[in-house]
Every structure is written in C-alpha cells, then in structure tokens.
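Below is one structure, written out as structure tokens; the observations come after it.
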Ligand code: NI
Ligand code: MN
C-alpha cells in the first residue's frame, strides 16, 4: 500500500492512502503559493489543524462541495457546524481515532488557534497518522519547537513535515533541532515562501538536515508530491 504526500503550497497539504484523499488545512483563496483551487481540489476527508485563516481557509466551501468528512478539534468542529457543515468529527489533543484512511491522532502544537471571526478555536494541533500498514507520518502544522517532540519521535516516523518559515512558526534552525528530536526517515519543509515575511532557502535547509542527521530531506514545489 502506498502513501502519497502532496504539497499544495504554504501549510496546505494532502495525503492519499488506501484510495482515500485526505486534505489538510485547505487554504486556496488568497494563498499566493496555492497550486490548485478550492473549486478543483478533491477530498474525501478534510483535517483542520487550527483556526487561523491560512489553515481553516476554504474548509467550509470545500466541505460543502465535496461532502468530505471534516476532522478538527472540538471547538473548531462546533464553529464549522454553525457555518452549515454537517459531516463533522471532533477530536482533541492526545486523542486518536481509527478513520478509514488510518489512525489519526491530534498532537500538541505550540501556537494559537483563534478563528477568523474572533471565535475561540481551542488549542492548535499537529497530526500523527498511522496507516493500516503501519507507516507513520507526522504533520507538525503551525508550531514552535517543543521538547516533547521526542515523544512523537519515539513512535518511529517514516515522514515528518515541518514548518521552516520562521516568524509565525519554527524557523530553519529550530526545525533542524526538531529533525534531531523526531528522527524521521524523511522530512519535508512547509509554511515558507508564501509571503516575504516567511521567505527561506529550503534547499539550503535540506542540505543542513542531510549533513547533520540521518534523515533524508525532500524539498517540493507547490503541486509536488512524495511517495512512501
Ligand atoms: Ni497559524
Ligand atoms: Mn499558518
């Protein structure tokens, strides 16, 4: 069974496993790095990591158009319900659930989660997916560095996707420290080069990762994919 990761630009990404399309943080409208649109993207499931506009983005529109089941923390799910979405699954930090695409656990993230209209969005989350055949993927989403990343690394990660943009999340130096704690087989950077404020040299970061760790770094262009 294959697991495919797709980067749609910024913090918007997809996972395809066992024929299920999982769309994470569907931010297309107003995303200068977006490789597709809210009208064209396909999704069977949508996962929202936190309430910020560059993550919850087009979740309501894509959810309504595709009929995808939307997964997020309890507070965000309540908010999405008030926007008219009906296929909803609430989870919360530390809790996992066996979805058709695999076992998805919400993990700690060091960030905010306020919703676009100022509503309370609960705590921000990272995502840890275990596929049916045991592959483990950690999407850190928006976060600063935290020491308990070592606990996530203990799960034995095949792939980690880490923000490197700095300013709002980890920058390149802390993301390199995160790789050393997580020890994934593969790492992919995200949440950079969307705007001048988070411009980074991802290729240089990837070279540092490969010089200082045993992890393979893969720098994608928006629209690019990586298969495990
Ligand atoms: Ni954010
Ligand atoms: Mn963000």
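We did not get these values from a lab; they are worked out from the coordinates using the rules stated. Since the structure is predicted, the reported quantities are computational estimates derived from the model, not experimental observations. Cβ sites come from the backbone with ideal geometry, for glycine too, and all protein chains shown count toward neighbours.
Descriptive notes on the structure:
- The single condition among (1) touching a helix residue (DSSP H, G or I) at 6+ places or on another chain (Cβ under 8 Å); (2) within 16 Å of ligand 2 (Cβ to nearest atom); (3) outside any loop (DSSP other than H, G, I, E, B) that residue 142 does not meet is (3).
- Boolean, residue 126 is closer than 24 Å to residue 18 by Cβ and without any contact (Cβ under 8 Å) to a residue 12 or more places away in the chain: no
- Whenever a residue of the range 129-146 is touching a residue at least 24 places away in the same chain (Cβ under 8 Å) and farther than 28 Å from residue 168 by Cα, its partners that are away from ligand 2 (no atom under 16 Å from the Cβ) and part of a loop (DSSP other than H, G, I, E, B), lying with C-beta atoms within less than 6 angstrom and at least six residues away or across chains, give the pairs 133/1; 135/158; 135/228.
- Scanning the range 11-33 for residues that are within 16 Å of ligand 1 (Cβ to nearest atom), more than 15 Å from the chain's Cα centre (by Cα) and either in contact (Cβ under 8 Å) with a residue 40 or more places away in the chain or surrounded by 24 or more Cβ atoms within 10 Å (Cβ to Cβ) (or both) turns up 31, 33.
- Residues in the range 176-193 that are surrounded by 22 or more Cβ atoms within 10 Å (Cβ to Cβ), in a loop (DSSP other than H, G, I, E, B) and within 16 Å of ligand 2 (Cβ to nearest atom): 191, 192.
- Residue ID - nearest to the chain's Cα centre (by Cα), chosen from residues in the range 34-53 that are within 15 Å of ligand 1 (Cβ to nearest atom) and in contact (Cβ under 8 Å) with a residue 60 or more places away in the chain: 49
- Residues that are within 16 Å of ligand 1 (Cβ to nearest atom), more than 15 Å from the chain's Cα centre (by Cα) and closer than 19 Å to residue 211 by Cβ, drawn from the range 141-183: 171, 174
- Given (1) under 24 Å from residue 38 (Cβ atoms); (2) away from ligand 1 (no atom under 15 Å from the Cβ); (3) part of a loop (DSSP other than H, G, I, E, B), number of the condition residue 133 does not satisfy: (1)
- Checked against (1) touching a helix residue (DSSP H, G or I) at 6+ places or on another chain (Cβ under 8 Å); (2) not in a loop (DSSP other than H, G, I, E, B), residue 173 passes all but condition (1).
- Residue 95 meets each of the listed conditions (1) under 23 Å from residue 138 (Cα atoms); (2) crowded, with 18+ Cβ neighbours inside 10 Å apart from (2).
- Yes/no for residue 51 being surrounded by 19 or more Cβ atoms within 10 Å (Cβ to Cβ) and over 27 Å from residue 227 (Cα atoms): yes
- Residues that are within 16 Å of ligand 1 (Cβ to nearest atom) and either surrounded by fewer than 23 Cβ atoms within 10 Å (Cβ to Cβ) or in a helix (DSSP H, G or I) (or both) within the range 59-73 comprise just one, 59.
- Subset of the range 92-124 that is under 19 Å from residue 62 (Cβ atoms) and in a strand (DSSP E or B) - its residue that is farthest from the chain's Cα centre (by Cα): 99
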